[in-house]
1. Could you pull out every residue, at least 5 positions away or on a different chain, whose amide H is within less than 5 Å of the one on Asn210? Hs are placed 1.01 Å off N in the peptide plane, and Pro or chain starts have none.
2. Please give every one of the aspartates and glutamates within straight-line cross-link reach of Lys211, meaning a C-alpha to C-alpha distance under 12 Å, and leave out same-chain neighbours fewer than 8 residues apart.
3. Please compute the length gained on full extension between Lys355 and Asp227, using 0.36 nm multiplied by the number of residues separating them and subtracting their Cα-Cα distance.
4. In debye to the nearest 20, how big a dipole does the range 239-352 give about its Cα centre with +1 on each Lys and Arg Cβ and -1 on each Asp and Glu Cβ?
5. Could you state the number of Å between the C-alpha centres of the range 393-457 and the range 290-354?
6. Let me see the P(r) profile for the range 98-252: every Cα-Cα distance counted, bins of 5 Å, each bin given as a percent of all pairs.
7. From the backbone phi of the range 178-186, what are the Karplus-calculated ³J(HN,Hα) couplings (6.51 cos²θ - 1.76 cosθ + 1.60, θ = phi - 60°) in whole Hz, Gly and Pro given as x?
8. Rounded, prolate or oblate: which fits the range 45-168, taking a ≥ b ≥ c as square roots of the Cα gyration tensor eigenvalues, rounded meaning a/c under 1.5, else prolate when a/b beats b/c?
Amino acid sequence: MKNLNLVVPKTSAIYSGKRTCIVFFSIFVMLAGIAPSVSGQFITIGNFNDPTCLAVIDLDGDGDPDVLTASKTNGGVVWFEAPQWTRNVIENNPAIIWSAQAADLDSDDTLDVVTATFDLNSITWYKGPDWTRFYIDQDLEGALYVAPAYINNDDYPDLFATGFKEIVWYEGPSWNKHVIDPNMQGYVISVADMDGDEDPDIAIATWDSNKVIWYESPGWTRHVVDDSLGWVAYVKAVDLDQDGDTDIVATGCAVNDLVWYEAPAWNKHYIDSGLGWAYGLDVADFDKDGILDVAAVGNVEDIVVIYKGPDWTPYKINGLLDGAVAVQAADLDGDDTLDVVAAAEETADRIVWYKNPVTALQEMQSAPPYTFELQQNFPNPFNPKTVIGWQMAVGSEVDVSIYDILGQKVATLVSGYKPAGIYKVEWDGSGFASGIYLYKMQTDKGFAQTRKLILLK
């Protein structure tokens, strides 16, 4: 059995309309001030228009890790060559390229690049080192993501891919197309052995359907892990708690959630429910304590955050990164300490390198990671169920209740002592009339906050 991770660089993807959507959903959450700052050296690898993804890999085989990225507007596909970060153009195409990965697709000991291009419905192979273009598929409607992996145990990598309507895999080297799911809009793919049978399965972020799903090979049976994580942007299949089972870490943009699902029952745990427009993530042991940590970006908060496992204390990396979309852990300078590489769209339009943030993380004192806060419910308007999130700065008695527009209490959702942390509760409005309701959080520490929600039947 081949190593499933041999040709699967870690990448992330983005969605161009997120700021408009945030206004629509009225999600305004601030992480700034919650997390202490990690002061690492900040280096700009290169400027690039609207990057959608990020892969750190030795593309030219010289022993130095390079950086591969692609653009959703007119940037095409480029790679930055270490150590001087010379910019090299693979494709100068004004298309919407959501994903770019590197793998030796023809087993000639030279890395190639494969992309998913949304508006051209194509999965495209650029053969290294001269980057000759070959089309693997020009009929994957709304191609969103591509991930190399060994599926059928031969010497050639295969490809998983997602599109606007289906999830497929291509069998290398002839690239015969096999449909995994003909009725699912997939998004980011993470390849891993989910069930311990030594076959490569896939975890999928589905975006529009708000689902985290994994497909079990060889028959590609669909398993729904969560069907309510608003606009799933990214998934990473990894044994986060190091108990021998493959878990899933995921971000939900519309609900500002960074969560992980504990296998095999898929119990949901919140790492952060206030990371504004939570997007790309990566998992690594940043501080070398033997426990995995999580790095993630907040696209609206314009920040990169390291969450130290296992209690997920957040440490905000210094330097605002406007429109942060992707993050990856990598040792760029070969000093045996993990760095953080991040990509940002909008006014930033660049790839940046945070050098040795772990050093600062180890040296600093932990600050209280939470504040008292009542968050906007999601979805809103809703019918009949909605989710309300809140944070507790310190342990205290807390009451979260629903009131009608006249101020009469109609439901109590939470009442009792809660320790410091991040919480969510669901309200089912099936037995209530349509209209505007109020929900209020009160603690015995003097905190009180009220928000509106709309039940629309």
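1. Hits under the 5 Å cutoff: Trp231, Val232.
2. Hits, sequence-local ones excluded: Asp226, Asp227.
3. On the way: separation 128, 0.36 × 128 = 46.08 nm, distance 3.72 nm.
Length gained between Lys355 and Asp227: 42.4 nm.
4. That gives a dipole near 380 debye.
5. The range 290-354 and the range 393-457 have Cα centres separated by 34 Å.
6. Taking all Cα pairs of the range 98-252, the binned fractions are 2, 10, 20, 22, 20, 15, 8, 3, 1 percent.
7. 10, 8, 8, 8, x, 10, 9, 7, x
8. Details: a/c = 1.97, a/b = 1.14, b/c = 1.73.
Oblate.
The values are calculated or read from the model by the stated rules, or taken from the named source; none is laboratory data. What you see is a predicted model, and the numbers here were worked out from it, not measured in a lab. All Cβ positions, glycine included, derive from the backbone under ideal geometry; neighbour counts span all protein chains shown. Quick note on the areas: whole protein, heavy atoms, side chains included, nothing else; ligands and nucleic acids left out. Shrake-Rupley method; radii C 1.70, N 1.55, O 1.52, S 1.80 Å.
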